[in-house]
Amino acid sequence: MRVIAGKFRSRNLKSLPGVETRPTYDRLRETLFNVLASSGILQDAVFVDLFAGTGSIGIEALSRGARKAYFVENGRKPAQIIRENLSTLGLNSAGEVYERDAVQAISQLAENGVVADVCFLDPPYDLKGAYEQVLRSLANSALAGERTVVIAEHDKRFDPGDGLGRLRRYRLLKQGDSSLSFYRKVSQEQEPPRSGTAESNDDSKQGA
């Protein structure tokens, strides 16, 4: 596992052996961050990495200009790996690890006054119910404001839905066996928009 681009480009990251975590593949990570970079949202951003695994997504965000990253991971071993990776890169002050359930962490982050620019969630693909649970929590949480982009990585054969409450999907990007669903909150007065779709890698060249 390595950092793809930015300040820490090509730096290696520790990971866990076996299948305890499922990292986001380099190609999909590159597509994700191309979308965020083209929108200008990543620079000086507050990034929340839910189901963080060994932290590769949040660390990539920091490498590419995010100001602060919160890593949420309830596994003891992966959480320790995140801390070690942050320490190795000198990112202890820029990264904060919440070793707890994602819904609990969302509540605590909101109570602490954190408002995210980007929330990324990547539950284990077999925990399909986690998508609805976490998206619903974000829809009802001050952690996600109207400018926050919420991104769910999921198996292309599974659809996490057009949204819950005020959180609505506006974009669907497919690549290989995985997909990225992009959500934003709509104002209470606004009619929920229809879901937009995009099936090819060319979509990564467009803004978020």
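The values are calculated or read from the model by the stated rules, or taken from the named source; none is laboratory data. Worth saying up front: this structure is predicted, and the values here are computed from it rather than measured. Backbone-built Cβ (ideal geometry, glycine too); neighbour counts: all protein chains shown.
Points worth noting:
- Residue within segment 50-59 that is touching an Asp or Glu at 6+ places or on another chain (Cβ under 7 Å), assigned to a helix (DSSP H, G or I) and touching a residue at least 24 places away in the same chain (Cβ under 8 Å) present: yes
- Whenever a residue of segment 23-35 is closer than 16 Å to MET1 by Cα and modelled with pLDDT under 85, its partners that are assigned to a helix (DSSP H, G or I) and β-branched (Val, Ile, Thr), lying with C-beta atoms within less than 9 angstrom and at least six residues away or across chains, give the pairs PRO23/ILE57; THR24/ILE57.
- The residue of segment 119-141 that is farthest from ALA66 (Cα to Cα), among those that are in contact with an Asp or Glu (Cβ under 9 Å, 6 or more places away or on another chain) and at pLDDT 95 or above, is LEU121.
- Conditions (1) touching a Phe, Trp or Tyr at 6+ places or on another chain (Cβ under 9 Å); (2) over 25 Å from ARG136 (Cβ atoms); (3) surrounded by fewer than 18 Cβ atoms within 10 Å (Cβ to Cβ); number of the one not met by ILE82: (3)
- Subset of segment 56-77 (residues that are more than 21 Å from SER107 (Cβ to Cβ) and surrounded by 22 or more Cβ atoms within 10 Å (Cβ to Cβ)): SER56, ILE57, ILE59, GLU60, ALA61, LEU62, ALA66
- Hits in segment 166-190 (condition: in contact with a helix residue (DSSP H, G or I) (Cβ under 9 Å, 6 or more places away or on another chain), within 18 Å of ASN140 (Cα to Cα) and in a loop (DSSP other than H, G, I, E, B)): ARG166
- The lone exception for ALA5 - which of (1) out of contact with any strand residue (DSSP E or B) (no Cβ under 6 Å at 6 or more places or on another chain); (2) closer than 24 Å to GLN108 by Cα; (3) assigned to a loop (DSSP other than H, G, I, E, B) it fails: (2)
- In segment 21-49, of all residues being aromatic (Phe, Trp, Tyr) and not in a helix (DSSP H, G or I), the one that is nearest to ASP126 (Cα to Cα) corresponds to TYR25.
- Taking the conditions (1) surrounded by fewer than 17 Cβ atoms within 10 Å (Cβ to Cβ); (2) at pLDDT 95 or above; (3) of a type in the set (S, T, N, Q); (4) under 18 Å from the mean Cα position of the chain (by Cα) in turn, SER87 satisfies each one other than (4).
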